[in-house]
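Scroll down for the structure; my scribbles are underneath it.
The values are calculated or read from the model by the stated rules, or taken from the named source; none is laboratory data. What you see is a predicted model; the values in this text were computed from it and never measured. Heads up, the Cβs are rebuilt from the backbone with ideal geometry, glycines too, and the neighbour counts pull from every protein chain shown.
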Amino acid sequence: MRLAGLVAFHSAAAAEAKCLGLGDELASFEDERSLVRDLLWFADMTVGQPRRYELRSPRGNRT
């Protein structure tokens, strides 16, 4: 259940679940609030394509 809770609350997943009307389902998982959770969020937001933290100018150059 730990892994399921980490996935259920990763990054913006909890906010998205609430917007989709899945708050009751989400309540069955625990938000761990630990270093492991924070590292998972960091990895989700900074690793892989597309990189959400990169901004590009209208010409396609990184800023």
key: All positions within segment 1-18 that are outside any helix (DSSP H, G or I) and exposed (fewer than 14 other Cβ atoms within 10 Å of the Cβ)   = M1, A12
key: Members of segment 19-53 that are exposed (fewer than 10 other Cβ atoms within 10 Å of the Cβ) and either touching a His at 6+ places or on another chain (Cβ under 6 Å) or modelled with pLDDT under 90 (or both)   = V47, G48, Q49, P50, Y53
ask   = Within segment 26-43, restricting attention to residues that are within 14 Å of L3 (Cβ to Cβ) and touching a residue at least 12 places away in the same chain (Cβ under 8 Å), which residue is nearest to the chain's Cα centre (by Cα)?
value = L40
